[in-house]
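Peer 1: Take a look at this one; I'll ask things after.
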Amino acid sequence: MPLPAYKRVVLKLSGEALAGNVGYGIDSDVITSISKQIKEIVELGVQVAIVVGGGNIWRGLAGSAKGIDRTTADYMGMLATVMNSLALQDGLERAGVPTRVQTSIEMRQVAEPYIRRKAVRHLEKNRVVIFAAGTGNPYFSTDTTAALRAAEIEAEVILMAKNKVDGVYSADPAIDPNAEKYDNLTYLEVLNKGLGVMDSTASSLCMDNHLPLLVFSIMEEGNIKRAIMGEKIGTIVKGE
């Protein structure tokens, strides 16, 4: 049996992915599907950390645009990621996968505080670790959280699972039928072309720490395992 291409990964899930076709809230069927896919790769011996967004419940930027103080709106978004993380933890543990949630904002009644060494120890014991509440600071996205945590735990790759596209395109394929899909990109190309892969802070952090990024669709079941096994799916973004 072929070996996984990666030993330790950070899986970045958008909040919208957890909402499924409903578009808002948490779809239990989606949680179950994602949990089964994660279980597959854990059973291969891959150490998995997860960062999940909160856009299915609350977006800080959207709240700020409606007049809420930006810092307050961002903290509300961080709490949304905690709700998603707890839902995902529940799904994983129902699937038989030991899981720990660590939050950047302390809330000891529901999760552990983020401690890098403890997170690494959990991973070494084959527990999935979910990093919640972003970086704990306003003005930083969960994309930046994924890049930061991946660097801290020395992950080999960030797997960015999308629910609307199957890779990186030159334009939004839902709007522009002539949009070109890229198989390979560098971070400089992403920044120079203004491609909406992740925000510029996250892209720069990945580039500086030589962290590859694989963007793929989570809507096709089994894609997480395909990504882990090194199959050519989605778009790979690397340094020069």
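Peer 1: Using only the alpha-carbon atoms of the range 1-132, report the extent along each of the three principal axes, biggest first, to the nearest angstrom.
Peer 2: 55, 35, 27
Peer 1: What residue among LYS181, LYS66, LYS225 has the largest mean-square fluctuation in a Gaussian network model of the chain, using Cα springs under 10 Å?
Peer 2: LYS66
Peer 1: Now for a separate question. Among LEU18, LEU148, rank each residue by its count of other Cβ atoms within 10 Å, from fewest to most, as a rough exposure measure. Present the calculation step by step, with values, prior to reporting the outcome.
Peer 2: On the way: LEU18 28, LEU148 22.
So the residues, fewest neighbours to most, are LEU148, LEU18.
Peer 1: Also, quick follow-up: Short version: ³J(HN,Hα) in whole Hz for each residue of the range 173-178, in order, from phi by Karplus 6.51 cos²θ - 1.76 cosθ + 1.60 (θ = phi - 60°), x for Gly and Pro, what are they?
Peer 2: Per residue, the Karplus-derived 3J(HN,Hα) values read x, 6, 9, 10, x, 8 Hz.
Peer 1: When a footprinting reagent is the concern and you count Cβ atoms within 10 Å, what order do MET160, MET229 take, fewest first?
Peer 2: Working: MET160 27, MET229 17.
With the fewest neighbours first, MET160, MET229 line up as MET229, MET160.
Peer 1: Would you mind checking which residues have amide H under 5 Å from VAL101's amide H? H placed 1.01 Å from N; only 5 or more apart, or other chain.
Peer 2: GLU112, ILE130
Peer 1: Further question: Identify all lysines with a Cα-Cα distance to LYS181 below 23 Å; exclude those on the same chain that are fewer than 8 residues away in sequence.
Peer 2: Reachable lysines: LYS12, LYS162, LYS164, LYS193, LYS225, LYS232, LYS238.
Peer 1: From the convex hull of the Cα coordinates of the range 151-240, what is the mean projected area in square nanometres?
Peer 2: Numbers: hull surface 23.8 nm².
For the range 151-240, averaging the hull's shadow over all directions gives 5.9 nm².
Peer 1: Arrange the peptides 99-106, 183-190 so that the one whose residues have, on average, the most other Cβ atoms within 10 Å appears first. Before the final figure, lay out the partial values.
Peer 2: Values: 99-106: 19.8, 183-190: 16.0.
Descending mean neighbour count gives 99-106, 183-190.
Peer 1: Using alpha carbon coordinates only, what is the Rg to Rh ratio of the range 74-160, with Rh defined as the Kirkwood radius? Working shown, then result.
Peer 2: Numbers: Rg = 12.3 Å, Rh = 13.1 Å.
Reported Rg/Rh (Cα atoms, Kirkwood Rh): 0.94.
Peer 1: Per residue of the range 80-86, in order, report the coupling 6.51 cos²θ - 1.76 cosθ + 1.60 (Karplus, θ = phi - 60°) as ³J(HN,Hα) in whole Hz, putting x for Gly and Pro.
Peer 2: Karplus-based 3J(HN,Hα) across the range 80-86 equals 4, 5, 5, 4, 5, 5, 5 Hz.
Peer 1: Please report the antiparallel percentage of DSSP beta bridges with both residues in the range 8-238, rounded to the nearest 5. It would help to have the intermediate numbers written out before the result.
Peer 2: Numbers: 5 of 34 bridges.
That works out to approximately 15 percent antiparallel.
Peer 1: Can you compute 3J(HN,Hα) from phi for each residue in the range 46-59, using the Karplus curve 6.51 cos²θ - 1.76 cosθ + 1.60 with θ = phi - 60°, rounded to whole Hz and x for Gly and Pro?
Peer 2: 7, 8, 10, 10, 10, 10, 10, x, x, x, 6, 10, 7, 10
Peer 1: The range 73-222: Rg/Rh from Cα coordinates, Kirkwood Rh?
Peer 2: Radius of gyration relative to Kirkwood radius: 0.98.
Taken together, the values in this text are just the output of simple stated rules run on the coordinates, not laboratory data. Quick caveat: nothing in here was measured; it's all calculated off a predicted structure. Cβ coordinates were reconstructed from backbone atoms using ideal geometry, including for glycine residues, and neighbour counts include every protein chain displayed.
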